[in-house]
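Q: Okay, here's the structure, questions in a sec.
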Amino acid sequence: MKISNRIKKNFRKKLAAALAAGMITFSFGTVDAADIINITLDETIQRAFENNRTIKTSIAERENAFWGLSEARRQSNPRVTWELNGQRFGGSAYRNYGYNRSFSNSGSISMPIYQGGQLKEGRKYARYALTSADLALENTMQTIRLQSTIYYFDVLQYRNLIAVYEEEVVTLQEHLRNVGAQFRVGTVAKVDVLESQVELANAMQNLVNVQNSYDVAVAQLNNCIGLPADTVIRPQDSLNYSHYNFTLNDCITFALENRADAAMADYAVKQAESAKRAAKAGWRPSVNASVSKGLTNENLFNDKLSDQWTAGISASWNIFDGGITRAQVNQADADLVRAQEVAAQTKEQIQLDVQSAFLQLHAAEKNISTTQAAVVLGEENYKIAQVRYAAGVGTNLDVMDASRKLTEARSNYFTALYNYNTAKASLDRYMGVPVEIDVVRYIESEEEGKTAAESREDAALTSDAAAVPETGEVAPVVMIDFESSSPLPSESVEHEMTREDAFK
């Protein structure tokens, strides 16, 4: 039996007949047609990458880290300052002065020569921060890929459930018609009619609930990929099954090597080590060089100028600072221990995440075959219940019970498919399957001393990913047109699969 527009029309026709007969009270509002966006899973993920605000936030943080490194590198550059000063003065204190105005113009150049390693460690710290920001962007994109994938699967799942519950309504509508015909000739009691009406009403309520869940799932997906929440979309994919061949040990090994957040935790340790070395600079001397030259004129209206210049090197060594440096070093040491613990905890959590997703994947895989068999048995059981009831040897409750079990079996089958696909997507995320850059190659390139742009280019999976991400203007807030008469997404769902294709 095909779930198509023909069934929908048949369902509405029978529903209208039931309403006209006063058997049930149920209504659908009339709506206008709306534009429908056909979209695949790959297109969904790409839209999320382009429009998701979390990714744009991560890009901005990456640019912030880039300029932080630029600032750290310029700390050791010469600094040129220029000062201009002009003033006028008077009063009894200056009565014997031969002038009442002064003017000075001076410039200076200063440059740090040695700061106990503080500037060097500052550059290392900032470089690690930029590397972490690149890895954080990759980590965010992996998370958004999983999030948009699950939202897309949610839509597919509720679309399948709508088909299941619509078919249940159509089936119960047909059963109610048969029960009504038998009641009119006196072969069944009125209680059978009443029970059938109640069962049909419950099935319609279930259909409304799953349609509402579908509408919510579409709104969540639209929000994730940057579309207005009331956009009607039509997914072009379907939930399917393909065997996963990797072992748990393979998955965990891959995850520990490729997870971006694991690498970020390691770089946080390196930052803490660098910060500790920078704190120890307080025990070492600092040396600076400076050159300055100035011109002074005691009266703005004459040409008597006096000039002066200085050049030299200054050194300072904080012999005793009341234990401030020791406290700073101890603080940095505590931060280092904390970063090491976080890194260890991150790796333990990665193993747990991978193991959980792997076990869920295999549990769902087993359930697919089990529920598939249950659907076949449920269909056979329902046919037998119908035949027995028509022959007068079965009860109406047997038919309705068989109908509920068949609907449950079909729902369980699609749920098993949904769980398998979401578990597989989650496992890919927890393993750190890359989106734009290969984390291992990026780290190797960074350790070779290459710049962040060069490291990104070495690790890029595509030519587009090699480009350094840049921030753009903030996109306007997406508003929902609540005055629109467009239909809800569930009212525009078209089922193109046959029951045989769905449950085979």
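The values are calculated or read from the model by the stated rules, or taken from the named source; none is laboratory data. The structure presented is a predicted model; accordingly, all values stated were derived computationally and were not measured. For neighbour counting, all protein chains shown are included, and Cβ atoms are generated from backbone atoms with ideal geometry for every residue, glycine included. Just so you know, the surface numbers come from the protein's heavy atoms only, side chains and all, with ligands and any DNA or RNA stripped out. Shrake-Rupley method; radii C 1.70, N 1.55, O 1.52, S 1.80 Å.
Q: Go through 39-46, 366-373 and give me the packing order, highest mean Cβ count within 10 Å leading.
A: Values: 39-46: 16.9, 366-373: 15.1.
Ranking the peptides 39-46, 366-373 by packing returns 39-46, 366-373.
Q: Heavy atoms only, probe 1.4 angstrom, no DNA, RNA or ligands counted: give me E174, E454 ranked by accessible area, highest first. List each step's numbers first, then the result.
A: Details: E174 60, E454 85 Å².
Correct descending sequence by accessible area is E454, E174.
Q: Students often get this wrong, so check it: of K276/K347; K366/K405; K120/K293; K270/K347; K270/K424; K280/K347, which have C-alpha atoms separated by over 26 Å?
A: Result: K120/K293; K270/K424; K280/K347 exceed 26 Å.
Q: Find out how many positive minus negative residues lie around A391, taking Lys and Arg as positive, Asp and Glu as negative, among other residues whose Cβ is under 14 Å from that of A391.
A: Counting the neighbours of A391, the net charge comes to +1.
Q: Keeping all protein chains in the complex and leaving out DNA, RNA and ligands, what accessible area do you get for I113 with a 1.4 Å probe, in Å² to the nearest 10?
A: Its accessible surface works out to 100 Å², give or take rounding.
Q: Right, another one. Considering only the other residues whose Cβ falls under 9 Å of the Cβ of A275, what net charge follows from Lys and Arg at +1 and Asp and Glu at -1?
A: Local net charge: -1.
Q: Let me ask something else about it. I'd like the carbon and sulfur percentage of the solvent accessible area for the stretch 97-143, probe radius 1.4 Å, heavy atoms only, ligands and nucleic acids excluded. Don't skip to the end; give the middle numbers.
A: Details: 1120 of 2020 Å².
Using a 1.4 Å probe with all protein chains present, the stretch 97-143 comes out at 55 percent carbon and sulfur.
Q: How big is the accessible area of V198 in square angstrom, nearest 10, if you roll a 1.4 angstrom probe over the protein chains?
A: Counting only protein heavy atoms, V198 exposes about 80 Å² to solvent.
Q: So what's the net charge close to V474: Lys and Arg +1, Asp and Glu -1, counting the other residues with Cβ under 12 Å from its Cβ?
A: +1
Q: Kindly sort I55, I324 by accessible area of their heavy atoms, largest first, with the probe set to 1.4 Å.
A: Largest accessible area first, the residues go I324, I55.
Q: Oh, and also: Alpha carbon centre of the stretch 169-226 versus the stretch 397-449: separation in Å?
A: With the stretch 169-226 and the stretch 397-449 each reduced to a Cα centre, they are spaced 30 Å.
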